[in-house]
Amino acid sequence: MSDDYEVKVRSLVPAKALAIASYGESVAAYRYHTLHDKTDDTALQAVFADMAIEEQGHHRDVQELLRKYYPPGDFVLSPEDKALVIVGTRLLEVTDRASFEQALGMIYESELLTGRFYQALADTTDNEQLRPVLRAMGQECFDHGARLKALPQSPLRSAQ
């Protein structure tokens, strides 16, 4: 049985769904860049830089899928569309440890949400070429969430 979230995702036309995914990937890259810039911890900087690069690659990959399968797919996204892949505000205000931890939590939740988004798309797409790509991208989101939670300095380690 699907919940309301999955019903919303599954009701999207494929081109719009990929436009939403592209938005989410660009926001994720920006957010990881922000965390990289707001920490002095060199180990965290390396993790966040790597993840930002991965997200930039995902953004390019989704843009290529749009060009290949849905060339006229140009959409203006509503706040509700954006909320399908992003938790919290797009722009991060990171000024101290508490706001850093809050930003990390929003990114973690966004990774899990975006993973669900990709999985729901993979389950409903009629495009056989897209299905494995969407599943892999969803799994990468879940992997990013696990990486964030596993960081020794992460406040997420104690969260369920």
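The values are calculated or read from the model by the stated rules, or taken from the named source; none is laboratory data. Computed from a predicted model, the values in this text were never measured in an experiment. In this analysis, Cβ positions are derived from the backbone assuming ideal geometry, glycine residues included, and neighbour counts consider all displayed protein chains.
Is it fair to say TYR70 is free of Cβ contacts under 8 Å to residues at least 60 places away in the same chain, buried (at least 16 other Cβ atoms within 10 Å of the Cβ) and farther than 20 Å from VAL27 by Cβ?
Taking the combined requirement at face value, the residue satisfies it.
Anything in the stretch 122-160 that is modelled with pLDDT of 95 or more and in contact with a Pro (Cβ under 9 Å, 6 or more places away or on another chain)? List them, or say none.
ALA122
Starting from residues that are polar (S, T, N, Q) and either touching a residue at least 40 places away in the same chain (Cβ under 8 Å) or out of contact with any helix residue (DSSP H, G or I) (no Cβ under 9 Å at 6 or more places or on another chain) (or both), keep the ones in the stretch 13-57 and report whichever is farthest from GLY88 (Cα to Cα).
Filtering first and then ranking leaves THR42.
Search the stretch 30-82 for residues being modelled with pLDDT under 90 and of a type in the set (Gly, Ala, Ser), and hand back the single one that is farthest from the chain's Cα centre (by Cα).
ALA43
In a helix (DSSP H, G or I) and either more than 17 Å from the chain's Cα centre (by Cα) or hydroxyl-bearing (Ser, Thr, Tyr) (or both): does that describe PRO152?
Criteria not met by PRO152.
How many residues are in a helix (DSSP H, G or I) and β-branched (Val, Ile, Thr) when one looks only at the stretch 24-39?
2
Which residue out of ALA52, ALA98 is among the aliphatic types (A, V, I, L, M) and within 27 Å of PRO14 (Cα to Cα)?
Residue meeting the stated conditions: ALA52.
One residue is enough: does the stretch 39-54 have a residue meeting the conditions more than 23 Å from PHE142 (Cβ to Cβ), surrounded by 12 or more Cβ atoms within 10 Å (Cβ to Cβ) and either of a type in the set (S, T, N, Q) or touching a Lys or Arg at 6+ places or on another chain (Cβ under 9 Å) (or both)?
yes
Given the criteria of a type outside the set (D, E, K, R) and either surrounded by fewer than 14 Cβ atoms within 10 Å (Cβ to Cβ) or within 18 Å of LYS38 (Cα to Cα) (or both), does ILE86 qualify? It would help to see each step written out before you state the result.
Numbers: of a type outside the set (D, E, K, R): yes; either surrounded by fewer than 14 Cβ atoms within 10 Å (Cβ to Cβ) or within 18 Å of LYS38 (Cα to Cα) (or both): no.
It is false that ILE86 is of a type outside the set (D, E, K, R) and either surrounded by fewer than 14 Cβ atoms within 10 Å (Cβ to Cβ) or within 18 Å of LYS38 (Cα to Cα) (or both).
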